[in-house]
Amino acid sequence: MKRLSTLILSLLAIATAHADEVQVAVAANFTGPMQVISVLFERDTGHKASLSFGSTGKFYAQIVNGAPFQVLLSADDETPAKLVKEGHAVAGTPFTYAIGKLVLWSADAKLVDARGEVLKKGGFKHLSLANPKTAPYGKAGMQVMTQLGVAESIKPLLVQGENISQTHQFIATGAAELGFIAYSQVIKNGAIGSGSGWLVPANLYDPIRQDAVILAKGKDKPAAVALMNYLKGEKALAVIKSFGYELR
Amino acid sequence: MDGINARFKLDWPGFTLDVDLALPGRGVTALFGHSGSGKTTLLRCLAGLERPSHGRLEFKGKIWQDENTWLPTHQRPIGYVFQEASLFAHLNVLGNLNFGLKRSATAQRVGLEQAIELLGIGHLLARKPDTLSGGERQRVGIARALAVGPEILLMDEPLAALDLKRKQEILPYLERLHDELAIPVIYVSHSPDEVARLADHIVAMDGGRVVADGPLVETLARLDLPIRLGEDVGVVLDATVGTVDTEWHLARVDFAGGSLWTRDRGVPTGKHVRVRVLARDVSLAVHHPEPSSIQNVLDGTVESMGDDDHPGLLLVRVQIGASQLVARLTRRSAAQLGIAPGLPVSVQIKSVALME
Amino acid sequence: MLTDSDLQAIWLTTRLAGITTLILLLVGTPIAWRLARSRSWWKGPLGAVVALPLVLPPSVLGFYLLLTMGPHGPVGQLTASLGLGTLPFTFWGLVVASSFYSLPFMVQPLQSAFESIGERPLEVAATLRASPLDTFFSVVLPLAKPGFITASVLTFAHTVGEFGVVLMIGGNIPGVTRVASVQIYDHVEAMEYADAHRLAAVMLIFSFTVLLAMYTRRPKPARGD
C-alpha cells in the first residue's frame with residue numbers, strides 16, 4: 001500500500017515536471033534581457049517563467065517574509081549570499097549571470113561628453129542615481145564620483161530614485177539633467193540609443209556582480225533548475241551580452 | 001407715495017407668480033392663501049430673497065428693484081421673520097439679537113430694549129437657541145427682526161410651525177405688535193383665524209395671482225371671495241367695549257350698527273376690540289323670534305346673496321346699520337323664508353369671538 | 001531612540017503636512033463653497049476633478065506632476081521663467097504635489113459641512129444686514145467649524161501618510177524631500193528592520209491617535225434651527 005502511493009506520487013511528479021512554472025524575481029536593471037530570455041526559455045524547455053521586476057532590497061524583504069519566488073536574479077552578489085546564509089536560498093546554487101556596466105546618461109544629446117568631463121564642469125541642477133544604500137548601481141555611481149574627486153561638490157545636486165528604473169525615469173523626463181544608470185537601460189544595437197552618455201570605465205567602480213540563486217521555495221523544482229542552467233547556456237549569454245553586460 | 005408698489009413676474013417649472021399690487025404703508029397686511037398660492041414667494045420677492053426675472057418694487061418712494069436697479073437683501077431696511085425661527089445656533093439669544101443691530105445704520109424705531117420688552121424675552125438673553133422652546137425661539141426671532149429698526153416687517157407664517165398651545169402663547173405678542181408698531185407689517189398666513197385677529201388689510205392669493213385685495217372688514221364681508229374658506233367664512237367687526245356685566249360675566253361690545261354680548265375676558269370698558277362673527281353662527285328670521293337661549297338678536301336688511309361652496313348652501317349678507325354680517329343658510333330655508341334683497345330680517349348670532 | 005535622520009524626516013513631514021493644510025484651507029474653502037452652493041453645469045465636472053486623487057494611483061499623479069513640473073513641462077517652464085527653477089526634487093514641489101493629492105480630503109468634508117448648513121442661515125443673515133462676505137465669516141465659518149476641524153485633520157494626516165507621489169517627484173533628498181514614509185521605505189530596502197520598526201510605530205501611533213480623536217469627538221449639530 002505504501003509502495004503504491006509512493007509510486008503514484010512519483011508518477012505525478014514526473015507528469016508535472018514536463019510543464020512546470022517557475023516564479024522569478026528579477027532585478028529592475030535586468031528587465032530588458034530577461035523578457036527576451038524568458039521567451040526563448042519557454043520555447044526551448046516547455047517550462048514557463050513568470051517574472052516580477054523590482055528592486056533587490058524589496059525582493060529580499062518579500063522573500064524573507066514568505067513570498068512565493070523560486071529564483072532570484074539579484075542586482076548584486078551580497079543579497080543571494082545573505083539569503084543562503086539565512087536559509088532562505090539553496091546553498092551552492094548562486095552564480096554570476098552578468099556583470100553590470102554603469103553609464104552616465106542624459107536625455108540631452110549634448111550634455112554628457114565621451115569622457116565624463118561634465119561631472120567636473122558642472123552646468124546641471126540635478127544628478128540622479130539609485131539609492132546608494134540599497135541599489136548596486138547607485139553605490140557604483142557614488143564610487144565613480146569619489147574616485148574623480150567630485151562627490152562633495154555634486155552631493156547637493158543628488159536626487160535619488162527608488163530603484164534604477166525610477167532613476168532612468170527622472171533622467172528621461174528631464175527632471176534631472178543626467179544620472180548614473182545601467183548600460184542595459186539605454187543600449188540599442190550595441191551603443192547608447194538616444195541622448196548622450198559616458199560608459200564609465202570599469203576601474204572607477206567595484207564590479208557589479210549580479211548573482212542568481214535558487215530560493216528555498218524553488219528547491220528541487222525542475223523548472224527552477226532548468227532556468228538556472230538555461231541562463232548559463234549560449235543563447236542566454238548572447239542576449240545578456242547584447243544588452244551591454246560583461247560576462248563572467 | 002408712502003405705500004408699497006410691487007409688480008413681479010416669476011416663472012418656475014410648475015409655478016408662476018404674476019402680481020401687481022399696491023400695499024398700504026401702515027398697518028398689518030395679510031398675504032392670505034392656501035399652500036402653493038405664492039404668498040411666501042411674494043414675500044421673498046419683497047425681501048429680495050428671490051429675484052424675479054421681471055419686477056418693479058417701490059417702497060415709500062424709493063426704488064428697490066426695476067430694470068436697472070437691484071437692492072440686495074442686506075441693503076433693504078426690512079425685518080424678516082421666518083417660519084421656523086432660524087436662530088443662529090452658534091450665538092446665544094443676545095448674540096442673535098445683536099447680530100442685526102450691530103450691522104444696522106437705520107434709526108432705531110423699535111430699539112432692542114423695546115423689542116425685548118415687547119416680546120417678553122428679557123429672561124432668555126443668555127440662553128442658547130437649542131435650550132429654548134419653539135414658542136420662545138419664535139419670539140426671539142421676531143425680536144431679532146425688530147431690533148434692526150426696520151422700516152417694514154415681513155413675517156412668513158411665524159406661527160405655522162408651532163402647536164396650538166405655542167400659538168396661543170405668541171398671539172398676544174403679535175397683537176401687541178399690531179397695536180404698537182408704527183411700521184407696516186406684511187404677514188403671510190393660511191389661517192383665517194390669525195388673519196381675522198391681526199390684519200387690517202388682506203391680499204388673497206391663489207395660483208400665484210392676487211384674487212382679492214382690500215381692507216379686512218370689507219373684504220371678508222364679500223360674498224364672491226374667490227378662495228374657499230369653508231367653515232371660516234365670516235366677518236370681522238371693529239368695536240369698543242361698552243359695559244361689563246360683572247354679575248353675569250358678560251361684556252357688551254358696540255359696533256357701528258348695534259351691540260353684541262360676549263363673554264367677559266377682562267377687557268376694560270372703552271377699549272377698542274375686534275369681534276369675529278362666523279357665517280355658520282348667524283341665522284335669520286323673518287319675524288321677531290320667540291325668546292330663546294340666543295342672546296344676540298339684531299335687526300337688519302338683506303343686502304345681497306351669493307353661492308357657498310356647497311350647492312345646498314347660500315351666503316346672505318345682511319346690513320345692520322353701517323356694518324355687515326354674513327349668514328350661512330340652506331337654499332331651502334332661504335326659499336321658504338322668501339329671502340331676497342331688501343327684506344327686513346331678525347339676525348340671531350349664536351357665538352361671537354372677541355379678539356383684543 | 002530615533003536617529004537624527006529619522007527626526008529630520010519627521011520634522012520635514014510635519015512641516016510639509018502643516019503647510020499643505022494651510023494652503024488647502026485657503027484654496028479648498030472657496031472650491032468647497034462653490035461646490036456646495038452652485039447648481040450650475042460645471043459643478044459635476046469640478047467635483048469629479050477634485051475627487052480624482054481619491055481614485056487615481058499616486059503613480060499616475062506623480063508621473064504627470066513630474067512631466068508638467070519638469071523643465072520641459074508647462075509648469076516647469078513657467079516656474080523657470082519666473083526665476084524659481086523647477087519644482088521636482090524641491091520641498092515646494094512636494095507642497096504643490098501634496099496640495100493636489102490631499103485636495104479631496106479638504107474639499108469634501110467642507111463641502112458637506114457647507115451643504116448641511118443650508119440656505120436658511122444665509123438668508124437670515126442677509127435680512128439682518130450682513131453682506132455675503134460678512135455672512136461667510138460671521139455665520140458660515142462658526143457653523144462649519146466642525147467641518148473645518150475634520151477637513152484640516154484629515155488633510156494633515158493624509159499628507160503625512162503620503163508616499164507614492166513623494167517618491168515619484170521627491171528624489172529622496174535628506175532634509176528636503178525625504179519624508180517619514182520614504183525614510184521607512186529606505187530602511188526596509190536597506191534591510192534595517194529595527195529602524196523601520198521604530199519609525200513605523202511612530203507613524204502608526206500618530207495616525208491612530210488622530211483617527212481616534214476624530215471618531216470619538218461628539219458630533220455637534222451644524223445647522224441653525
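Bear in mind these aren't lab numbers, they're just calculated from the coordinates by the rules spelled out. Quick caveat, the model's predicted, so the values are computed rather than measured. Please note: Cβ atoms are built from the backbone with ideal geometry, for glycine as well, and neighbour counts cover all protein chains shown.
Between the range A:130-175 and the range B:249-290, how many Å separate their Cα centres? Here the answer is 104 Å between Cα centres. The residue among C:VAL27, A:PRO156, B:GLN138 whose Cα reaches farthest toward the positive pole of the charge dipole of the protein assembly as shown, with charges on the beta-carbon of Lys, Arg, Asp and Glu, is A:PRO156. For the residue pairs B:LYS9/B:LYS128; A:LYS139/A:LYS188; B:LYS39/B:LYS271, the alpha carbons lie more than 29 Å apart in B:LYS9/B:LYS128; B:LYS39/B:LYS271.
Mean projected area of the convex hull spanned by the Cα atoms of the range B:252-291, taken over all viewing directions: 4.1 nm². Of the residues C:VAL50, C:VAL160, C:VAL75, the one that moves most in a GNM of chain C with alpha-carbon contacts below 10 Å is C:VAL75. Model label points for B:GLN295 and C:HIS72, set 7 angstrom from Cα along the Cα-to-Cβ axis, are 10.2 nm apart. Under a Gaussian network description of chain A, with springs only between Cα atoms under 10 Å, the residue in A:ASN29, A:ASN163, A:ASN203 that fluctuates furthest is A:ASN203.
Please report the net charge: other residues with Cβ closer than 12 Å to the Cβ of B:ALA212, K and R +1, D and E -1. Neighbour charge sum, excluding B:ALA212 itself: -2. Considering only beta bridges that DSSP places wholly inside the protein assembly as shown, some 75 percent are antiparallel. Restricting the calculation to Cα atoms, chain C shows an Rg/Rh of 1.03 when the hydrodynamic-style radius is the Kirkwood one. Residues considered: B:THR246, B:THR219, B:THR29. Largest GNM mean-square fluctuation over chain B, using C-alpha springs under 10 Å, is found at B:THR246. Post the alpha-carbon centroid distance, the range C:126-180 to the range A:66-112, in whole angstrom. First find each Cα centre; the distance between them is then 44 Å. Could you tell me the center-to-center distance, by alpha carbons, between the range C:46-104 and the range B:72-146 in angstrom? One Cα centre to the other: 49 Å. Fully extending the segment from B:HIS54 to B:ASP179 would add 41.5 nm, taking 0.36 nm per residue of separation and subtracting the current Cα-Cα distance.
Report the residues of the range B:138-156 in range of a label on B:GLN114: point 7 Å along Cα→C-beta, backbone N strictly under 20 Å from it. Only B:139-155 pass the distance filter. Given the rule -39500 (n - 2.57) for each run of at least 4 DSSP H residues, summed and divided by the residues of chain C, what is its mean residue ellipticity at 222 nm, to the nearest 500 deg cm²/dmol? My calculation for chain C gives -23000 deg cm²/dmol from helical runs alone. Restricting the trypsin sites (Lys or Arg not before Pro) of the range C:21-97 to loop positions (DSSP other than H, G, I, E, B) with no more than 10 neighbouring Cβ atoms within 10 Å leaves C:ARG39.
Radius of gyration over Kirkwood radius for the protein assembly as shown, both on Cα atoms: the Rg/Rh ratio is 1.27. By DSSP, the beta bridges lying fully in the range B:4-226 are antiparallel in about 60 percent of cases. Identify the residues of the range B:138-167 with backbone N under 17 Å of a label point that sits 7 angstrom from the Cα of C:ARG120 along the Cα-to-Cβ direction, or state none. Answer for the range B:138-167: B:138-145, B:155-163.
Given the options A:ILE208, C:HIS197, A:VAL103, identify the residue whose Cα lies farthest towards the positive end of the charge dipole of the protein assembly as shown (+1 on Cβ of Lys, Arg; -1 on Cβ of Asp, Glu). Farthest towards the positive pole: A:ILE208. Ordering A:LEU247, A:ILE192, B:GLY14 by the projection of their Cα atoms onto the charge dipole of the protein assembly as shown, which places +1 on the Cβ of Lys and Arg and -1 on the Cβ of Asp and Glu, puts A:LEU247 at the extreme positive end.
By the count of neighbouring beta-carbon atoms within 10 Å, fewest first, B:GLU218, C:GLU162, A:GLU234 end up ordered A:GLU234, B:GLU218, C:GLU162. Counting, for every residue in C:162-175, the Cβ atoms of other protein chains within 10 Å of its Cβ and taking the mean gives 3. Average 1/r across all pairs of distinct alpha carbons in the range C:26-76, invert it, and you get the Kirkwood radius: 12.7 Å. Around the Cα centre of the protein assembly as shown, unit charges on the Cβ atoms of Lys, Arg, Asp and Glu (plus for the first two, minus for the last two) sum to a dipole of about 2320 debye.
By the gyration tensor of its Cα atoms, with a ≥ b ≥ c the square roots of the eigenvalues, what is the shape of the range B:234-355: rounded for a/c under 1.5, prolate for a/b over b/c, or oblate? Prolate, since a/c reaches 1.5 and a/b exceeds b/c. The charge dipole of chain B, taken about its Cα centre with unit charges on the Cβ of Lys, Arg, Asp and Glu (plus for the first two, minus for the last two), comes to roughly 740 debye. Summing Cβ point charges (Lys, Arg +1; Asp, Glu -1) relative to the Cα centre of the range B:119-276 gives a dipole of roughly 500 debye. With the simple spin-label model, which puts each label point 7 Å out from Cα in the Cβ direction, the B:ASP238 to A:ARG115 separation comes to 11.4 nm.
With the helix formula -39500 (n - 2.57) applied to DSSP H stretches of n ≥ 4, chain A reaches a computed 222 nm mean residue ellipticity of -11500 deg cm²/dmol.
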